[in-house]
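Right, one structure below, let's go through it.
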């Protein structure tokens with residue numbers, strides 16, 4: 001993890017010396033610097049999930065880091081917007097799963113052309129779709145995206161780090177609402 005990331009995390013949690021704040025800080029540092037996700041993928045996941053929970057400090061930081069890593073503005077925007085398309089799909093497919101009447105709801109009837117040719121590439125977009133689906137709690141989407149990732153030979157360690165990233169981002173967002 002870069003010194004700017006380390007300083008950023010410290011500044012966001014400034015004045016918070018609790019065990020919870022320390023745990024979240026250490027977990028985020030590990031996922032961004034020493035996890036199984038390459039730096040670009042870790043920050044893409046951070047951007048997508050932080051956008052999903054509207055955690056502005058994490059969104060801003062991830063955008064800055066992705067820019068410094070040389071990702072195009074189109075790639076960065078697609079990562080952020082993956083939160084929006086997955087929010088729509090997670091709600092719909094969670095509804096469909098909960099109702100349990102697939103024969104009544106055969107097609108979604110929702111435009112999702114963004115999924116066809118993602119700027120980030122299919123595997124990276126699937127990783128973000130998985131992470132946002134975990135965050136939104138859509139069981140059928142989680143299973144579907146996890147299966148696609150496994151079929152693409154994405155390591156279990158990477159998939160597990162994506163789920164951990166979701167948990168840490170949600171923890172940060174919750175902690176930052178206190179005070």
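Restricting the calculation to Cα atoms, region 24-90 yields a radius of gyration followed by a Dmax of 11.6, 32 Å. One Cα centroid belongs to region 29-76, the other to region 88-131; the line between them spans 22 Å. Using a cutoff of 8 angstrom between alpha carbon atoms and counting only pairs six or more residues apart, the relative contact order for region 3-176 works out to 29 percent. One decimal place: the segment residue 114-residue 139 gains 6.9 nm when fully extended, by the rule 0.36 nm per residue minus the C-alpha distance.
For the peptides 65-72, 124-131, 36-43, the ranking by packing is 124-131, 36-43, 65-72, with the highest mean count of neighbouring Cβ atoms within 10 Å listed first. Seen against the Cα atoms of the chain and their longest principal axis, helix 156-176 is set at about 60 degrees.
Length gained on full extension, residue 64 to residue 156, computed as 0.36 nm times the residue gap minus the Cα-Cα distance: 30.3 nm. A value for volume of the Cα convex hull per residue in Å³ was derived from the coordinates, and within the list (1) 119; (2) 157; (3) 166 it appears as (1). Annotation: region 87-179 has a Kirkwood hydrodynamic radius of 14.5 angstrom, from the mean reciprocal C-alpha pair distance.
Where a number appears in this text, it was derived from the coordinates with a stated rule and is not lab data. As the structure is a computational prediction, the values presented were derived from the model and not from experiment. Positions of Cβ are backbone-derived with ideal geometry, glycine not excepted, and every protein chain shown enters the neighbour counts.
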